[in-house]
Ligand code: HMG
Ligand code: MG
């Protein structure tokens, strides 16, 4: 029942960098992103247009977008919270944006200073502008398998928020296990519940690996038919408003699993290792991909 092809959405340059103690320069971020594109990744989240006082690591995302070489084989996404972020993104030439909310009011308050309902209003306000500019809009729902403040989350709540985002005009929804607390049967149940409201083909999995469950959870949702997976090179990542959250599942580890399952991705593992080495050495951070560690030349 597994999909024949999976699209990997690389979130390392956004999720991976937003919580780092060391900030990369825009030129370094561009070099990092180009290495990821060269590995065959066709969808890359390259930064965010949020408050630079909240996320200084991703300030100057406009310079990153302006500096990226035109590449018709890759879609570069920007994370956008509101009309101001959207306007900045449009000025920087962005064509693909991602909007975000959560299935938890308390997390949303900490993250973007409003309730889930208000965040949907902010998204509703930016959608007509995005449409005028022919932007594609992806949606994120955070805390789909648990919240650092509210604990357990009802999958029906996730389904309702997901449906609202689709009704607002998102073409795809990425379901975030923001703090990596899910286990395979919960992840499977989440997909079964949400896919009653949103077509399965529009669902993506965005799993953090805090408790070491991400690959197992991905295998479960692949069996349910999910064919879009978010991941970050070297297992970088984390949200400053999700206490204890560690990195995203590592792109290298996901690719190794998909290769072993005979699922096509178009991504080259050796080229990923070059991006891994570049970003870890520039951040001064250890690599968190087991596959990259195993394949690294001694
Ligand atoms: P706020 O404080 O509620 O907004 O911020 P405000 O409208 O009252 O504005 C406050 C100030 O921010 C004003 O400036 C605005 O101009 C400015 P001042 O007048 O004080 O000089 N401002 C902005 N500046 C730059 N870009 C903007 C923008 N909007 C307002 N877009 C806001 C609301 C969302 C901006 C703020 O709370 C924020 O930036 N939060 C950070 C959110 C964030 O980046 N979180 C991490 C990403 S989400 C995530 O990681 C989860 C995910 O990976 C999925 C998963 O794992 O589950 C996606
Ligand atoms: Mg995330």
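No value in this document is a laboratory result; all are computed from the given coordinates. These figures come from a predicted structure and were not determined experimentally. Cβ atoms come from the backbone with ideal geometry, glycine included; neighbour counts cover every protein chain shown.
Quick one: of the DSSP bridges fully inside the chain, what percent are antiparallel, nearest 5? Let's see the in-between values first.
Numbers: 2 of 36 bridges.
So the antiparallel bridges amount to about 5 percent of the total.
Please rank 206, 288, 277, fewest neighbouring Cβ atoms within 10 Å first, as an exposure proxy.
Working: 206 26, 288 23, 277 17.
Going from sparsest to densest Cβ surroundings: 277, 288, 206.
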Legend entry - the chain: calculated mean residue ellipticity at 222 nm from DSSP helix runs of at least 4, using -39500 (n - 2.57): -12000 deg cm²/dmol
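How large is Rg over Rh for region 230-297, taking Rg from the Cα atoms and Rh as the Kirkwood inverse mean of 1/r across Cα pairs?
Working: Rg = 12.3 Å, Rh = 12.4 Å.
Rg/Rh for region 230-297 comes to 0.99.
Dividing the alpha-carbon radius of gyration of the chain by 2.2 N^0.38 Å (N being the number of residues), what value is obtained? Write down the numbers at each step before the final one.
Numbers: Rg = 17.4 Å, N = 298, 2.2 N^0.38 = 19.2 Å.
Relative to the 2.2 N^0.38 Å estimate, the chain comes out at 0.91.
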Legend entry - Between region 227-298 and region 192-218, the Cα center-to-center distance that results, in Å: 18
